[in-house]
Amino acid sequence: MSEAIQPSRSRSPTRALADLRERLARTRFPDQIEGANWDYGTELSYLRELVAYWREKFDWRAQERLLNSFPHFKTRSTTTASISSTFVRNTRMRSRSS
């Protein structure tokens, strides 16, 4: 069973974004295995830079504005195998060549 498809917009709660920044600030990094580079997963210096970028520079609200410049839709979907329901969200854009 599903409900009608409705227009939607992306908007993350400010509290959730603050929580994300706090969790990123508390990230516990492992020691770098000498000479391993990317052999055992993400290279530590790259990972530190990435976490710092997400915590200090990434502008989530700007990304939301960009995402919201495209039409979004959502519908609630349930299955007979589950008593819970889930929102299904999508964006549909035609290519410039069509």
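Derivation of every value follows stated rules applied to the coordinates shown; laboratory data play no part. In this text, all values refer to a predicted model and were calculated from it rather than measured experimentally. Every residue, glycine as well, gets a Cβ built from its backbone with ideal geometry; the counts of neighbours run over all protein chains shown.
Per residue of the chain, the DSSP helices (runs of n ≥ 4 H) give a summed -39500 (n - 2.57) that works out to -10000 deg cm²/dmol at 222 nm. Using alpha carbons only, how many degrees (0 to 90, rounded to 10) separate the axis of helix 14-25 from the longest principal axis of the chain? The answer is roughly 20 degrees. Run through segment 36-73 and list the trypsin sites (Lys or Arg not before Pro) located in a DSSP loop whose Cβ has at most 10 other Cβ atoms within 10 Å. Answer in residue order: LYS57. Axis of helix 44-56 versus longest Cα principal axis of the chain: the two differ by about 50°, to the nearest ten degrees.
Relative contact order of the chain, please, whole-number percent, based on alpha carbon pairs below 8 angstrom and at least 6 residues apart. For the chain, the relative contact order is 38 percent.
Here are several values of Cα Rg over 2.2 N^0.38 Å: (1) 1.56; (2) 1.11; (3) 1.62. Which one was derived from the coordinates shown? The value matching this structure is (1).
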